[in-house]
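Participant: Take this structure, written in structure tokens, and hold onto it; I'll ask about it next.
The values are calculated or read from the model by the stated rules, or taken from the named source; none is laboratory data. Treat the numbers as computed from the prediction; the structure is a model and nothing was measured. Note that we place each Cβ from the backbone using ideal geometry, even for glycine, and neighbour counts take in every protein chain shown.
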Amino acid sequence: MNFKGIIKGLHHITATVSDAQEDYDFYTKLLGQRLIKETVNFDNENVYHFYYGNEIGAPSTIFTTFPYKGQRVKDGIIGAGQVFETVFSAPKNSLSYWESRLKNHQINFSKIKLFGKEKLTFKDPSGLNIAIIEDADDNRSPVWKTNEISDQENILGIHHVVLAISNVEETLQFLKVFGYEEISREGDYVQLSTSLGGAGNSLVVMDATGLPKGKNGIGTVHHVAHRVEKLEDSLKIKDYLVNELGLKVTEVKDRKYFQSIYFRIPGGVLFEIATEGPGFLVDETNEELGSSLKLPKWQEPHRARIEAGLLDYKK
Ligand code: ZN
């Protein structure tokens, strides 16, 4: 049994971060992503939920954050059982552009070569590990254009995430069932992809020996979401995970822009399975995306209270 082809690839990555303004500035101004949705954490209305992505917020281009500053949430520890690094994809011949851009903005970075590709690795303002890799085969569009970054250079979406894992072989077995197959190995790293393959449909498993155990909190990735076409696919997978593998899987949660289930994989990382639809145009036009606070209809009656409780930031 495996879910090859049913799990298409990544949907989004969600991180717990600190300050809303710092986060907004970093992902939109420095990294040139579009804020495609401004809403609140559906499980905590005092905290924003920012969705960044390409021009239309296509699944696999989405990086989302909860800015928890002032909410008495402790700093986390990036370690085993977590997403270690989120790697963004940039167009052919754009890496030197990103290198000078990071330099000009006084962001310290390292250059690392892995699986034949160079990547720039650096930290976001909350301490998350971020990287940019060039991928000539990545043709996701439409790319967001900013005043400073053209669509020849701007980020195309999430390329892959690196998972820090203590029990590598057991986790690889699980990921194979889930729909990610091994492509190659290099040192402590194993590269995997779904049957679609390539940018947005890949994972890297890193042996976490020597790393502390990961602890959820500010500066860590909370979960990684994988995409399926429709809810029946999620339910089919849930049935297998619960009945055949004995994993605990949540009920379906209505996230308004997609429907989700959550579970922890044997390596400890929190996974989500999210539907591709209905998408971010359900409550805004393409032009309006991210321009004002959107709430699900069950929170709309409390809009005044919710708006008053959120920290200010400037777009
Ligand atoms: Zn999510």
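Participant: Applying the selection to the stretch 264-288, what residues are within 15 Å of His12 (Cα to Cα) and outside any loop (DSSP other than H, G, I, E, B)?
Facilitator: Within the stretch 264-288, Leu270, Phe271, Glu272, Ile273, Ala274, Thr275, Phe280 qualify.
Participant: Related question: Could you check the stretch 56-67 and list, in sequence order, the residues that are touching a strand residue (DSSP E or B) at 6+ places or on another chain (Cβ under 6 Å) and either polar (S, T, N, Q) or in a loop (DSSP other than H, G, I, E, B) (or both)?
Facilitator: Those that are touching a strand residue (DSSP E or B) at 6+ places or on another chain (Cβ under 6 Å) and either polar (S, T, N, Q) or in a loop (DSSP other than H, G, I, E, B) (or both): Gly57, Pro59, Ser60, Thr61, Thr64, Thr65.
Participant: Are any residues in the stretch 42-68 of a type outside the set (Asp, Glu) and modelled with pLDDT under 95, and if so, which ones?
Facilitator: Step one: of the stretch 42-68, the residues of a type outside the set (Asp, Glu) are 42, 44, 46-54, 56-68.
Answer for the stretch 42-68, where residues must be of a type outside the set (Asp, Glu) and modelled with pLDDT under 95: Phe42, Asn44, Asn46.
Participant: Also, quick follow-up: For Ser184, indicate whether it is at pLDDT 95 or above and assigned to a loop (DSSP other than H, G, I, E, B).
Facilitator: Here the answer is no, as Ser184 does not meet what is asked.
Participant: Hey, among Gln173, Gln191, which residue is under 20 Å from Lys8 (Cα atoms), surrounded by fewer than 21 Cβ atoms within 10 Å (Cβ to Cβ) and touching a Phe, Trp or Tyr at 6+ places or on another chain (Cβ under 7 Å)?
Facilitator: Gln191
Participant: Next up: Can you tell me which residues in the stretch 225-259 are touching a strand residue (DSSP E or B) at 6+ places or on another chain (Cβ under 9 Å) and among the aliphatic types (A, V, I, L, M)?
Facilitator: Ala225, Val228, Leu231, Leu235, Ile237, Leu241, Val242, Leu247, Val249, Val252
This table checks each residue for (1) buried (at least 18 other Cβ atoms within 10 Å of the Cβ); (2) farther than 27 Å from Leu311 by Cα; (3) touching a Phe, Trp or Tyr at 6+ places or on another chain (Cβ under 9 Å); (4) not polar (S, T, N, Q).
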| position | (1), (2), (3), (4) |
| --- | --- |
| Arg72 | no, no, no, yes |
| Ile78 | yes, no, yes, yes |
| Gln82 | yes, yes, no, no |
| Phe88 | yes, yes, yes, yes |
| Ser94 | yes, yes, no, no |
| Ser100 | no, yes, no, no |
| Gln106 | no, no, no, no |
| Lys111 | no, yes, no, yes |
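Participant: Of the residues that sit in the stretch 211-245 and are charged (D, E, K, R) and part of a strand (DSSP E or B), which one is nearest to the ligand (Cβ to nearest atom)? Reasoning before the result, please.
Facilitator: Of all residues in the stretch 211-245, those charged (D, E, K, R) come to 213, 215, 227, 229-230, 232-233, 236, 238-239, 244.
From what's left, part of a strand (DSSP E or B): 213, 215, 227.
Numbers: Lys213: 22, Lys215: 19, Arg227: 11 Å.
Only one residue tops the list, namely Arg227.
Participant: Among the residues in the stretch 291-298, are any more than 15 Å from the ligand (Cβ to nearest atom), assigned to a loop (DSSP other than H, G, I, E, B), in contact (Cβ under 8 Å) with a residue 12 or more places away in the chain and of a type in the set (Lys, Arg)?
Facilitator: Yes, the conditions are met somewhere in the stretch 291-298.
Participant: Ile13: in contact with a helix residue (DSSP H, G or I) (Cβ under 7 Å, 6 or more places away or on another chain), part of a strand (DSSP E or B) and within 16 Å of the ligand (Cβ to nearest atom), yes or no?
Facilitator: no
Participant: Another question, then. Looking at the stretch 34-46, is at least one residue out of contact with any Ser or Thr (no Cβ under 6 Å at 6 or more places or on another chain), within 13 Å of the ligand (Cβ to nearest atom), within 30 Å of Leu245 (Cβ to Cβ) and among the charged types (D, E, K, R)?
Facilitator: The answer is yes; a qualifying residue exists.
Participant: Name the residue that is modelled with the lowest pLDDT, counting only residues in the stretch 247-280 that are more than 10 Å from the ligand (Cβ to nearest atom) and of a type in the set (Asp, Glu).
Facilitator: Asp254
Participant: Going by what's in this entry, would Pro67 be described as within 16 Å of the ligand (Cβ to nearest atom) and farther than 30 Å from Ala304 by Cβ? It would help to see each step written out before you state the result.
Facilitator: Numbers: within 16 Å of the ligand (Cβ to nearest atom): yes; farther than 30 Å from Ala304 by Cβ: no.
Taking the combined requirement at face value, the residue does not satisfy it.
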